[in-house]
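J.: Can you keep this structure in mind? I'll have questions shortly.
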Amino acid sequence: MRKRLCTCGAEADVRRGTRRLADGRDEIVYRMICPVCGQLGPAIAAEGKDEATAIAEAVTAWNEMIARIRPLED
């Protein structure tokens with residue numbers, strides 16, 4: 001799957017992290033993060049998915065986010 005470049009022109013990376021839920025539990029999430037400017041993509045929860053699926057969803061969410069910011073770019 002092709003990843004769109006960040007708005008700063010750099011190639012973003014998929015990262016695995018955790019976030020704290022309202023009930024105090026930690027949840028594993030995957031998201032795209034630009035190593036140059038720090039722009040974050042949407043967090044994709046890994047619960048109920050295998051790692052490859054969660055990563056693919058994170059890349060898709062990133063691509064959609066960048067497409068909304070720069071709609072005329074291929």
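J.: Does Thr60 qualify as being modelled with pLDDT under 95, out of contact with any His (no Cβ under 7 Å at 6 or more places or on another chain) and polar (S, T, N, Q)?
T.: It is false that Thr60 is modelled with pLDDT under 95, out of contact with any His (no Cβ under 7 Å at 6 or more places or on another chain) and polar (S, T, N, Q).
J.: Look at Thr18 and say whether it is open to solvent by 50 Å² or more (accessible area, probe 1.4 Å), within 16 Å of Met65 (Cβ to Cβ) and either modelled with pLDDT under 95 or not in a loop (DSSP other than H, G, I, E, B) (or both).
T.: The answer is no for Thr18.
J.: Here's a follow-up. Hey, could you check segment 38-56 for residues that are part of a helix (DSSP H, G or I) and more than 17 Å from Glu11 (Cα to Cα) and say which is least open to solvent (accessible area, probe 1.4 Å)? Step through it out loud before you land on a result.
T.: From segment 38-56, those part of a helix (DSSP H, G or I) are 51-56; that's our starting set.
Checking the rest, the ones that are also more than 17 Å from Glu11 (Cα to Cα) come to 51-54.
On the way: Glu51: 101, Ala52: 73, Thr53: 57, Ala54: 0 Å².
Here the answer is Ala54.
J.: Give me a count of the residues in segment 24-37 that are at pLDDT 95 or above, open to solvent by 40 Å² or more (accessible area, probe 1.4 Å) and in a loop (DSSP other than H, G, I, E, B).
T.: Of the residues in that region, 3 qualify.
J.: Hey, among the residues in segment 3-15 that are touching a residue at least 60 places away in the same chain (Cβ under 8 Å) and within 18 Å of Ala56 (Cα to Cα), which one's most open to solvent (accessible area, probe 1.4 Å)? First the steps, then the outcome.
T.: Filtering segment 3-15 down to residues touching a residue at least 60 places away in the same chain (Cβ under 8 Å) leaves 3-7.
Now narrow it down to the ones that are within 18 Å of Ala56 (Cα to Cα): 3-6.
Details: Lys3: 64, Arg4: 43, Leu5: 81, Cys6: 1 Å².
The selected residue is Leu5.
J.: Same structure again: Which residues, taken from segment 57-68, are in contact with an Asp or Glu (Cβ under 9 Å, 6 or more places away or on another chain) and buried (at least 17 other Cβ atoms within 10 Å of the Cβ)?
T.: Ile66
The values are calculated or read from the model by the stated rules, or taken from the named source; none is laboratory data. All of these numbers come straight from a predicted model, not from anything done at the bench. Cβ coordinates were reconstructed from backbone atoms using ideal geometry, including for glycine residues, and neighbour counts include every protein chain displayed. Areas reflect the complete protein model, heavy atoms only, side chains present, ligands, DNA and RNA absent. Shrake-Rupley method; radii C 1.70, N 1.55, O 1.52, S 1.80 Å.
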